[in-house]
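**Student:** Dropping the structure in here first, questions after.
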Amino acid sequence: MALTIGVDIGGTKIAAGVVDEDGHIVEHLLRPTPATDPERVAESIAEVVGELAEGREIEGVGLGAAGFVDETRSLVRFSPNLAWREEPLQKKVSALVGMPVVVENDANAMAWAEARFGAGRGESHLVCVTIGTGIGGGLVFDGALFRGRWGMGAELGHMQVVPEGRLCGCGNLGCWEQYASGNALVAEARLIART
């Protein structure tokens, strides 16, 4: 049976798993994300992949990256919650693990997984929203993942919901992510506790 490794790289954790061709998770691991150091992030991914690949034949690695992934699915152009700016993630990780690697936006990867194996199986249209360190989104239209012109088609967390609102890590003001993400809710709770 064909095995691959999927890695979800978020602002606070790296979650990885060995997955079979039916979408079943064979084994999984969690590690903290060294979010301020792009080199260390790539090394942490490689360490997790190496640990999961031990004693197994792995066909390739898929990386779900919290950020804007280019149309070639290899470069993270920008990440509001990680220190990635024009980060050649595919090239770095592939060199470290010695296997084929593809990079996709984490919410896009989730949407495609739900369409293939989860709650959206059999549906031709699907909208997914991820809420964690930030807020992401993935769209499936007519059975195909919608990536948009530059691979950033469903960045729902970066829609402005409060005009002239809070400054977001993406540089815009009033993004949904600044009001409803995990980080935003923690900040709001701390503010309430202080008053």
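The values are calculated or read from the model by the stated rules, or taken from the named source; none is laboratory data. All values derive from a computational prediction rather than experimental measurement. Backbone-built Cβ (ideal geometry, glycine too); neighbour counts: all protein chains shown. Calculation scope for accessible area: heavy atoms of the full protein, side chains included, ligands and nucleic acids excluded. Shrake-Rupley method; radii C 1.70, N 1.55, O 1.52, S 1.80 Å.
**Student:** Eigenvalues of the Cα gyration tensor times 5, then square-rooted: what semi-axes does that give for the range 97-157, in whole angstrom, largest first?
**Tutor:** 18, 15, 12
**Student:** In whole Å, what three semi-axes, largest first, describe the equivalent ellipsoid of the range 134-195 built from its Cα gyration tensor (square root of 5 times each eigenvalue)?
**Tutor:** One finds semi-axes of 28, 13, 8 Å for the range 134-195.
**Student:** Using mean Cβ contacts within 10 Å as the protection proxy, how do 2-8, 165-171, 21-27 order, highest first?
**Tutor:** In descending order of packing, they fall as 2-8, 165-171, 21-27.
**Student:** Continuing with this model, one more query. Let me spell out the model: positive unit charges on the Cβ of Lys and Arg, negative unit charges on the Cβ of Asp and Glu, origin at the Cα centre of the chain. What dipole size does that give, in debye rounded to 20?
**Tutor:** 640 debye
**Student:** Please calculate how many Å² of accessible area the chain carries per residue, with a 1.4 Å probe and no DNA, RNA or ligand atoms counted.
**Tutor:** Accessible area per residue, the chain: 52 Å².
**Student:** Using only the Cα atoms, work out Rg/Rh for the range 21-75, with Rh taken as the Kirkwood radius, to two decimals.
**Tutor:** 0.98
**Student:** Please give the calculated 222 nm ellipticity per residue for the chain, where each DSSP H segment of at least 4 residues contributes -39500 (n - 2.57) and the sum is spread over every residue; nearest 500 deg cm²/dmol?
**Tutor:** Taking each H run of at least 4 residues, the total per residue is -8500 deg cm²/dmol.
**Student:** Among ALA53, VAL93, THR36, pick out the residue whose Cα is farthest towards the positive end of the charge dipole of the range 17-94, where Lys and Arg carry +1 and Asp and Glu carry -1 on C-beta, about the Cα centre.
**Tutor:** Of the listed residues, the answer is THR36.
**Student:** Let me know the shape class of the range 31-127, please: from the alpha-carbon gyration tensor, a ≥ b ≥ c as square roots of the eigenvalues, rounded when a/c is under 1.5, otherwise prolate if a/b is greater than b/c, or oblate.
**Tutor:** Because a/c hits 1.5 or more and a/b fails to exceed b/c, the range 31-127 counts as oblate.
**Student:** While we're looking at this one, here's another question. In the chain, what percent of the accessible surface is made up of carbon and sulfur (1.4 Å probe, ligands and nucleic acids excluded)?
**Tutor:** 55 percent
**Student:** For the chain, with a Gaussian network of springs between Cα atoms less than 10 Å apart, report the residue from ALA119, ALA53, ALA107 with the top mean-square fluctuation.
**Tutor:** Answer for the Gaussian network model of the chain: ALA119.
**Student:** Next question, about the same structure. Around ALA66, which amide H atoms from residues at least 5 apart in sequence, or from another chain, sit under 5 Å from its own amide H, with H modelled in the peptide plane?
**Tutor:** Answer set, sorted by chain and number: ILE9, ASP106.
**Student:** Each residue of the range 182-195 in order: what ³J(HN,Hα) in whole Hz does its phi give by Karplus 6.51 cos²θ - 1.76 cosθ + 1.60, θ = phi - 60°, with x for Gly and Pro?
**Tutor:** x, 4, 5, 5, 5, 4, 5, 4, 5, 5, 5, 5, 6, 9
**Student:** Same structure again: Could you give the radius of gyration (one decimal) and Dmax (whole number) of the Cα atoms in the chain, in Å?
**Tutor:** Final numbers for Rg and Dmax: 16.9, 57 Å.
**Student:** Can you list the HN-Hα couplings for the range 63-78, worked out from phi with the Karplus curve (6.51, -1.76, 1.60; θ = phi - 60°), rounded to whole Hz and with x for Gly and Pro?
**Tutor:** Each residue's phi maps through the Karplus curve to give 10, x, 9, 6, x, 8, 9, 5, 5, 8, 6, 9, 10, 8, 5, 6 Hz.
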